Every structure is written in C-alpha cells, then in structure tokens.
Amino acid sequence: MIYYDTENLWEIIFRWHGSALNGTGPKRAIMMALFALGVATANYYHEFVVPTRESTAFVDTLTVFNTFLGLIMSFRMNSAFQQWRSGVVAISSLGENARGIVSSGCAYVCAKAPAKEVAEATKSGAGQALIPHDIIEKCKFFNELRRLVFLYIAIVFHDFRGRNGIESMRQAQILTESEYDELYACGSEQPMPSAHRESYQSIVCTQHRYRATIVELWLKRLVEVASQRGHLTPVNANTLQLKIAQLPAIYTTVFNIANVPIPFCYNQYLQFLIMAYMMLYTFVIVPRSGFYTPIWVLFWGIFLFTADQVAMEIECPFGLDANDIDLEARLLQIEEELKLLIRSQYYFMSGGTSFTKLVPSNSFEASAATSVSGSSADWKSYQNPEGLYVPPAPLKEAFSFHQGHLPVSSPGHLPTQHSLPEIDEYTSLILHNSKSSDRTPYSR
C-alpha cells in the first residue's frame, strides 16, 4: 500500500509507481484510437459517415449515452471503493481479534502462587531457584495460544498472497512437526485438483482453507483442555471460545472480498458499453474532426478505460499491486503485539522481577531477554551477521495442550525449571516470505 502526503500535489500527479496510467487502460485506449484512425482514413477517401448536420440521430444517442455511461461508471467506482474499504476493515478486525484472544487468554489465566513468593524464589539463586509448576504450565498455555493464533493469521495471509507457505511455517517453527503430521493425516496437504477451474469449488477447495479449519480446532481444543486442567473457569473458557469462533467468520468475509469479483455479466456489459460508446463517439466527430478524431478518442478512451482499471484494482486489495494492502507489514505488527502481550504476562506472573532467560540462537532474529534483575533496558536483539535466513532450532514438543502431549508421570505438573518458558520469535517467517516466490498452482 502506498502512503503519501496529500498536500504534495505535484508528487501525486507525476508519480508513476502505483499510477492507474501504468496499466491496461491506456493500451485499450490506443486500440480504440487506431480504430478511429482507420475510420477517419476510410471516410477521407470515401465519405460514408452521415454528417451530423443532416442527421441528429448520432448526436442525440451520444447525449443519452453520456448520461447513462456516467451513472454506470459512478456506481462502478463507488462499489469498488466500498469493497476496498471493507477489505481494509476486515484485515484490521482480524488483527484486533487476534490481540483480543491472546490478551483475554493471558488475563483469564491467573497465578495461584503469590507473586511475592515467586519473586523471592527467583531472586534467591540465579541458577538454583525453581518456578512453581502451576506458573510454568500456564505460561505454556498462553504461549501455545499465541502461536496458534499467529499460525491461523499466517495461513490466512498466505492464502491471499497465493503462497503455499507450509515449508516456511515449518522452518520458522510456528508449525511443529507433530502438527504437520496431523495436517497430513487429515488430508489437508494432499493436492486437490478441480476439473472446473472457473467454479466456486476451485476457489474454495484450497489447502489454506483446510489448514485454517484444523488450526481452529486446535485453538478450541487448547482452551477446552486448559479449562479441564483448572487454568480457566468455565465462564472464561466459554468467552474465549466465542472469540475464537469469530476468526473463521472474519476469514470468510475477507475471502469473499478477495475471490468473488463483480458478476461476469455485469463486467462484460460494462466493457461492451465502453467500447460501444467509443465507437459511437468516433462516428459522431469524424465528419468534422477528420484526422484529429484519433486524438480525441485516445483522450476519452484513457479517461474511461483507466476508470474501469482503477475499479478493478481496488475492488480486490489483497494482491501484489502497489495499491494493495501490505499484509507482510501488518503480519509483522501483529507478531510484535502478541509478543508484547506475552512479555507483559511474564512480568506479571514473575512478580515483576524476572523474564525468561534466553540464549541467542542462530535464527534470523533471535528472541531477546532481560537480566535476572528485571531491568527492561537489558533487552537486546540479535541478528545473523550475514543477514541470511537460518531456521531456528527444533521446537520442543514434550508438552502440548491441543495435541494431548501432557505429562504422564505427574499429571497437572511440568518438570521443574529455573526460568519461565522461552518466548519464540516468528519474525523470520515474515521476512523470509517477503523475499520468497513459492507460489501455488492456484495462485492469483
């Protein structure tokens, strides 16, 4: 998406990148101008066009045509802009819903151990103090909640970009190997060819839709298991389930905007209407304009065809054009906001004294951590010196709410730890995808 200064008029007028003139509209106008040139040449050597002074039929028809075409183009532009605005609102709602789910999940999970006791246990020894089991398990819960919510949004954005994205999600560890095995066993990763390309089935039957369905099930299963283990009250669990149920509704809304254009008959009629108008305009002005006719036809052709081009571009704002929504930037912002929520919850559950202890890894941008003293100024980011994408270390799958990987030896508890669970980084998924070109066969 192009962000510009509305007060800089000259930059707006003469900017070529993202301009509607940098499209198919002028090319179609040139074709109509060549047609007008042929009519003017034929009429010059053999006058066959009836002059307007002898018959006013062409002029009267053109007058009615002007009014009718003006109304049609106005409705077309207005409906396209309304759909573009609906797409922007729906994408924003998707991010807001993700923040609402994670923040509610963090707020609903309260530590049973007193914060003062946790702070004293953390301060007593940097490498010997133990975090209460209940806090560790709750931290695991809202970490998985954050990861699955981000996984759902990443799948949605991959769908709109026309990317498969499954390998990049596995490399970034946003999708674990056991989860991928479950997706494969369910059949979502199998190729799904459609005999009818121009049909609703060919648009809907995509791997992204099936992946999102399974991830929605994981989210609901995660909340249900956490409720059964006593981390969520029934009321809070039900509220969280309702918030999760809003994700597929928003996905469907944005999916319809991205994949359902205006009806074919309406689009075909509009194209015929513009071409018929340009042909009629040619025959009206050619007796008096002569070889100047192609110039006037080119001018009005650019005006009309470019207006239709603008409408076609903005009615689907999820492509790769300059004026489309910058999904990668929004996904990065969502990831940062969800990570901040987890950090805040860590600060709350540790009594305001300690974050998780992280060791910089070889990933593109490793997670940052504070010192044991709890100073937020000690947070630092680490980056690969060569600037290359390096997959992070395999994600630990010893514990999982939504896949049933629960401790068997001591139900309800996790192995003892000296620090809170790590906050994983998913920034590499976004940075890697912005440079990749792994397109699916059904990419738009």
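The values are calculated or read from the model by the stated rules, or taken from the named source; none is laboratory data. None of these values were measured; they are calculated from a predicted model. So basically every Cβ, Gly included, is an ideal-geometry build from the backbone, and we count neighbours across all protein chains shown.
LEU94: within 30 Å of ARG229 (Cα to Cα), of a type in the set (A, V, I, L, M), part of a helix (DSSP H, G or I) and touching a helix residue (DSSP H, G or I) at 6+ places or on another chain (Cβ under 9 Å), yes or no? Break it down into steps so the answer makes sense when it comes.
Values: within 30 Å of ARG229 (Cα to Cα): yes; of a type in the set (A, V, I, L, M): yes; part of a helix (DSSP H, G or I): yes; touching a helix residue (DSSP H, G or I) at 6+ places or on another chain (Cβ under 9 Å): yes.
For LEU94, the condition - within 30 Å of ARG229 (Cα to Cα), of a type in the set (A, V, I, L, M), part of a helix (DSSP H, G or I) and touching a helix residue (DSSP H, G or I) at 6+ places or on another chain (Cβ under 9 Å) - is met.
Let's see how each residue does on (1) in contact with a Ser or Thr (Cβ under 6 Å, 6 or more places away or on another chain); (2) at pLDDT 85 or above; (3) farther than 30 Å from GLN241 by Cβ; (4) surrounded by fewer than 23 Cβ atoms within 10 Å (Cβ to Cβ):
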{"position": "ALA113", "(1), (2), (3), (4)": "no, no, no, yes"}
{"position": "SER124", "(1), (2), (3), (4)": "no, no, yes, yes"}
{"position": "GLN128", "(1), (2), (3), (4)": "no, no, yes, yes"}
{"position": "ILE131", "(1), (2), (3), (4)": "no, no, no, no"}
{"position": "LEU148", "(1), (2), (3), (4)": "no, yes, no, no"}
{"position": "PHE157", "(1), (2), (3), (4)": "no, yes, no, no"}
{"position": "GLY162", "(1), (2), (3), (4)": "yes, no, yes, yes"}
{"position": "ARG170", "(1), (2), (3), (4)": "no, yes, no, yes"}
{"position": "LEU183", "(1), (2), (3), (4)": "no, yes, no, yes"}
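Can you tell me which residue is surrounded by the most Cβ atoms within 10 Å (Cβ to Cβ) among those in the stretch 264-285 that are under 14 Å from ASN43 (Cβ atoms) and modelled with pLDDT of 90 or more?
Here is the first cut: in the stretch 264-285, the residues under 14 Å from ASN43 (Cβ atoms) are 279, 282-285.
Adding the requirement that they be modelled with pLDDT of 90 or more leaves 279, 282.
Details: MET279: 15, THR282: 26.
This residue is THR282.
Residue-by-condition table, conditions (1) surrounded by 12 or more Cβ atoms within 10 Å (Cβ to Cβ); (2) out of contact with any helix residue (DSSP H, G or I) (no Cβ under 9 Å at 6 or more places or on another chain); (3) at pLDDT 80 or above; (4) of a type in the set (D, E, K, R):
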site	(1), (2), (3), (4)
MET1	yes, no, no, no
GLU7	no, yes, no, yes
PRO26	yes, no, yes, no
VAL50	yes, no, no, no
PHE58	yes, no, no, no
PHE65	yes, no, yes, no
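Checking the condition modelled with pLDDT of 90 or more and over 23 Å from TYR281 (Cα atoms), which residue from SER92, SER19, SER104 passes?
Numbers: SER92 fails: modelled with pLDDT of 90 or more; SER19 fails: modelled with pLDDT of 90 or more.
Only one candidate qualifies: SER104.
Of all residues being of a type in the set (S, T, N, Q) and either under 30 Å from CYS106 (Cβ atoms) or part of a loop (DSSP other than H, G, I, E, B) (or both) in the stretch 304-338, which is modelled with the lowest pLDDT? Just the residue, please.
Applying the first criterion (of a type in the set (S, T, N, Q)) to the stretch 304-338 yields 306, 309, 323, 333.
Those left that are additionally either under 30 Å from CYS106 (Cβ atoms) or part of a loop (DSSP other than H, G, I, E, B) (or both): 323, 333.
Working: ASN323: 78, GLN333: 87.
Among those residues, the one meeting the criterion is ASN323.
Inside the stretch 86-114, can you point out the residues that are closer than 30 Å to VAL260 by Cβ, charged (D, E, K, R) and without any contact (Cβ under 8 Å) to a residue 60 or more places away in the chain? Spell out the reasoning first.
The first filter runs over the stretch 86-114 and keeps only residues closer than 30 Å to VAL260 by Cβ, leaving 86-101.
Narrowing further to those that are charged (D, E, K, R): 96, 99.
Within the stretch 86-114, GLU96 is the sole residue that qualifies.
What are the residues in the stretch 170-187 that are in a loop (DSSP other than H, G, I, E, B) and either touching a residue at least 40 places away in the same chain (Cβ under 8 Å) or in contact with a strand residue (DSSP E or B) (Cβ under 8 Å, 6 or more places away or on another chain) (or both), if any?
Within the stretch 170-187, the subset in a loop (DSSP other than H, G, I, E, B) is 172-176, 187.
Within the stretch 170-187, ALA172, GLN173, ILE174, THR176 meet the criteria.
Of everything in the stretch 34-48, what is outside any loop (DSSP other than H, G, I, E, B) and modelled with pLDDT under 90? Give them in sequence order. Break it down into steps so the answer makes sense when it comes.
Just the residues of the stretch 34-48 that are outside any loop (DSSP other than H, G, I, E, B), to begin with: 34-45.
ASN43, TYR44, TYR45 - these are the residues of the stretch 34-48 that are outside any loop (DSSP other than H, G, I, E, B) and modelled with pLDDT under 90.
Return the residues of the stretch 73-85 that are touching a residue at least 24 places away in the same chain (Cβ under 8 Å) and surrounded by fewer than 16 Cβ atoms within 10 Å (Cβ to Cβ); say none if nothing qualifies.
Applying the first criterion (touching a residue at least 24 places away in the same chain (Cβ under 8 Å)) to the stretch 73-85 yields 73, 76-77, 79-81, 83-84.
Hits for the stretch 73-85 are SER79, PHE81.
Please list, ordered by first then second residue, the pairs with beta carbon atoms under 6 Å, 6 or more apart or interchain, first in the stretch 1-24 and farther than 17 Å from GLY319 by Cα, second not small (Gly, Ala, Ser).
From residues that are farther than 17 Å from GLY319 by Cα, the pairs are TRP16/ASN22.
Since SER74 meets every condition but one in (1) farther than 30 Å from ILE153 by Cα; (2) touching a Ser or Thr at 6+ places or on another chain (Cβ under 9 Å); (3) of a type outside the set (D, E, K, R); (4) at pLDDT 90 or above, which condition does it not meet?
(2)
Quick one: would you say ILE153 is part of a helix (DSSP H, G or I), at pLDDT below 85 and either more than 21 Å from GLU224 (Cβ to Cβ) or over 22 Å from the mean Cα position of the chain (by Cα) (or both)? Show your work before the answer.
Working: part of a helix (DSSP H, G or I): yes; at pLDDT below 85: no; either more than 21 Å from GLU224 (Cβ to Cβ) or over 22 Å from the mean Cα position of the chain (by Cα) (or both): yes.
Taking the combined requirement at face value, the residue does not satisfy it.
Those residues that are under 30 Å from PHE75 (Cα atoms), modelled with pLDDT of 85 or more and surrounded by fewer than 15 Cβ atoms within 10 Å (Cβ to Cβ), I need them from the stretch 224-263; list them, please.
Hits for the stretch 224-263 are ALA249, THR252.
Here are some residues: ARG85, ARG99. Which one is closer than 18 Å to LEU338 by Cα and either part of a helix (DSSP H, G or I) or at pLDDT 90 or above (or both)?
Values: ARG85 fails: closer than 18 Å to LEU338 by Cα.
Answer to the selection: ARG99.
Scan THR213, THR206 and give me the residue that is within 26 Å of PRO317 (Cα to Cα) and either charged (D, E, K, R) or at pLDDT 90 or above (or both). Full working, then the answer.
Working: THR206 fails: either charged (D, E, K, R) or at pLDDT 90 or above (or both).
Residue meeting the stated conditions: THR213.
Out of the residues in the stretch 32-50 meeting the condition of being in contact (Cβ under 8 Å) with a residue 40 or more places away in the chain and closer than 13 Å to VAL297 by Cβ, tell me which one is farthest from the chain's Cα centre (by Cα).
Taking the candidates together, the pick is ALA40.
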